[in-house]
1. Taking θ as phi - 60°, what are the ³J(HN,Hα) couplings along segment 29-40 by the Karplus curve (6.51, -1.76, 1.60), each to the nearest whole Hz, with x for Gly and Pro?
2. Under a crude label model (7 Å from the Cα following the beta-carbon direction), how far is LYS44 from HIS23 in nanometres?
Amino acid sequence: MITSSNGSAERESALPDANYRSHIHRKSTRKRPLNEREQEANRKRSRVRARVCLAGQSIGA
């Protein structure tokens, strides 16, 4: 039986083979905060996500 975490790990590892990049944000814990590289990657993903979400909204409705 494949648990959801194992299934996601398999899908996540298959992304580069299919020429895709992950858009999943990294999460920190109390014991392990995000390093600068992970924070920057999360910022980039958030910027793209905000543009896509705002572009789909109708203005003046």
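Each value in this text was obtained by applying a stated rule to the coordinates, not by laboratory testing. What you see is a predicted model; the values in this text were computed from it and never measured. All Cβ positions, glycine included, derive from the backbone under ideal geometry; neighbour counts span all protein chains shown.
1. Those phi angles translate into 10, 5, 7, 9, x, 5, 7, 4, 5, 5, 5, 5 Hz.
2. My value for the distance between the label points is 1.5 nm.
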